[in-house]
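Before I ask anything, let me first share the structure, which is written out below as structure tokens.
What follows draws every value from the coordinates through simple rules; no lab data is involved. Since the structure is predicted, the reported quantities are computational estimates derived from the model, not experimental observations. All Cβ positions, even for glycine, are placed from backbone atoms using ideal geometry, and neighbour counts span all protein chains on display.
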Amino acid sequence: MDSATAPEFDNALKGLQLEGRHKIVLDFAGLDYMSSAGLRAMVAALKEAKAHNGGVLVAAANDKIRDTIALVGFQSLFPVFDDILEAVDSL
Amino acid sequence: MIILRRLSLPARHNQLVVFAREARAAASEAGMNEAEAYRVELAVDEACANIVDHAYAGNPGEIDMEIAWEPARTFVVILTDEGRPFIVPDGPLASPPKSVEELRVGGLGLRIIRQAMSEARWEFGVGAADGRKVNRLTMTRDLAPVAAS
């Protein structure tokens, strides 16, 4: 996910939130790359979710995605769960 | 210094993946492990995105990338463009956000560049060898010396 593809991700998140869904688990299994463009979409979604008592969690992210999140210091704001069901349970 | 790559492509978001992947491949050739090469890929992606968004800002143009390597010492990526200069905040990086209220979308790319590379130096309106006025970003990554066998 880079600046060419992140707008689609951003639109998908906004679409969910327009439907009133604010408890979101991002299943990143299969995602092997994410630049700051993806992080920006995640930040916007988290802010919107928190404003509606929701949250945004990350599941099944590989080491590279975890590294991207850590490089900008977002580890505590976007907890990464190994398993998607574990993430869903914690919301 | 050994030149590993020279590449010129249109400054468009859909081209950034080419710069980024070439940089990752060059980093691997220079001996970086997968995690280190991924960080170089990220830094190049972010730097090129800044050029598209801020230097060219919707106008057509090109990005030139040159990657050089001094074995066991330094890996260097030089990105050149002919867009307009833009402001790059200097000084130490701000502390990472501790709460959602502190979260900001701005500056993420710059933070990634500075964290991923050993040094990043922007120069705007400098003279290129062919007489053009260009912007130039030089990103270096220190390499661990290879232990003597």
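Output the Cα-based Rg and Dmax of region B:87-143 in Å, rounding Rg to one decimal and Dmax to a whole number.
14.9, 49
Give me Rg over Rh for chain A, both radii from the alpha carbons and Rh done the Kirkwood way, two decimal places.
Ratio of gyration radius to Kirkwood radius for chain A: 0.93.
When Lys and Arg each count +1 and Asp and Glu each count -1, what net charge do the other residues less than 13 Å away from B:Glu102, Cβ to Cβ, add up to?
Spelling it out: positives minus negatives among the neighbours equals +3.
Give, as a single signed number, the net charge of other residues whose beta carbon lies under 14 Å from the beta carbon of B:Pro10, with Lys and Arg counted +1 and Asp and Glu -1.
-3
Using the Kirkwood formula on the Cα atoms of region A:21-61, what hydrodynamic radius do you get, in angstrom to one decimal?
10.6 Å
While we're here: Taking Cα pairs under 8 Å and at least six residues apart, what relative contact order does region B:76-149 come out at, in percent?
43 percent
Also, I was wondering about something else. Of A:Ile84, B:Ile112, B:Ile2, B:Ile63, how do they rank once you tally other Cβ atoms within 10 Å and put the fewest first?
By the 10 Å Cβ count, ascending, the order reads B:Ile2, A:Ile84, B:Ile112, B:Ile63.
Also, I was wondering about something else. Using alpha-carbon pairs under 8 Å, 6+ residues apart, how would you state the relative contact order of region B:34-80 in percent?
Once normalised by length, the contact order is 27 percent.
OK, next. Just from its helices, what would the mean residue ellipticity at 222 nm be for chain A, if runs of 4 or more DSSP H residues each count -39500 (n - 2.57) and the sum is divided by every residue, rounded to the nearest 500 deg cm²/dmol?
-15000 deg cm²/dmol
Can you tell me, using C-alpha contacts under 8 Å and at least 6 residues apart, the relative contact order of chain B as a whole percent?
So the answer I get is 26 percent.
Here's something else I'd like to know. How about region A:2-38: which trypsin sites (Lys or Arg not before Pro) there lie in a loop by DSSP and see at most 15 other Cβ atoms within 10 Å?
Loop-located and lightly packed - A:Arg21.
Taking N as the number of residues in the protein assembly as shown, what value does Rg over Cα atoms divided by 2.2 N^0.38 Å take?
1.07
Among rounded, prolate and oblate, which fits chain B when a ≥ b ≥ c are the square roots of the eigenvalues of its C-alpha gyration tensor, a/c under 1.5 means rounded, and a/b larger than b/c means prolate?
oblate
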